[in-house]
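Written below as structure tokens is the structure these notes are about.
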Amino acid sequence: MVNAIKGIFISCDVPMGQFISHLNSSLLAPEKFIIQVLKPDTTCMFVKPHAEEMIQSEITKFRDQNSFAKQQS
């Protein structure tokens, strides 16, 4: 018998993969969203579809917090 799981494929660079893995590990077991890490370097992963918006939102927050805008004088 074949078991199929619906999900979303994410391909990213290593630092972003580590950030997404950290997000997943900070959640309680029933809330975890990573189904499978497809490469050992965390650049490809398969996640539950309901987590897509949350991941995008957290990435946007992370980028905004770590961006530098030069002040005009």
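Each reported figure results from applying straightforward, stated rules to the coordinates on display, with no laboratory input. Values in this document were obtained by computation on a predicted structure and should not be read as measured data. Don't worry about glycine lacking a Cβ; one is built from the backbone with ideal geometry, like all the others, and counts go over all protein chains shown.
So here's what we get for this one:
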{"read-out": "Cβ-Cβ under 8 Å pairs, at least 6 apart or on other chains, the range 10-26 side over 11 Å from ILE55 (Cα atoms), far side aliphatic (A, V, I, L, M) and assigned to a helix (DSSP H, G or I)", "value": "CYS12/ILE20"}
{"read-out": "The range 27-44, residues that are of a type in the set (Asp, Glu) and farther than 21 Å from PRO15 by Cβ", "value": "GLU31"}
{"read-out": "Residues of the range 1-15 that turn out to be polar (S, T, N, Q) and either in contact with a helix residue (DSSP H, G or I) (Cβ under 7 Å, 6 or more places away or on another chain) or surrounded by fewer than 11 Cβ atoms within 10 Å (Cβ to Cβ) (or both), as a count", "value": "1"}
{"read-out": "Close pairs from the range 45-63: first in contact (Cβ under 8 Å) with a residue 40 or more places away in the chain, partner of a type in the set (D, E, K, R), Cβ under 8 Å, at least 6 apart", "value": "PRO49/LYS6"}
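Conditions tested, residue by residue: (1) surrounded by fewer than 16 Cβ atoms within 10 Å (Cβ to Cβ); (2) at negative phi; (3) in contact with a Phe, Trp or Tyr (Cβ under 6 Å, 6 or more places away or on another chain).
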position: GLY17; (1), (2), (3): no, yes, no
position: GLN36; (1), (2), (3): yes, yes, yes
position: LYS39; (1), (2), (3): yes, yes, no
position: THR42; (1), (2), (3): no, no, no
position: GLU52; (1), (2), (3): yes, yes, no
position: SER57; (1), (2), (3): yes, yes, no
position: LYS61; (1), (2), (3): yes, yes, no
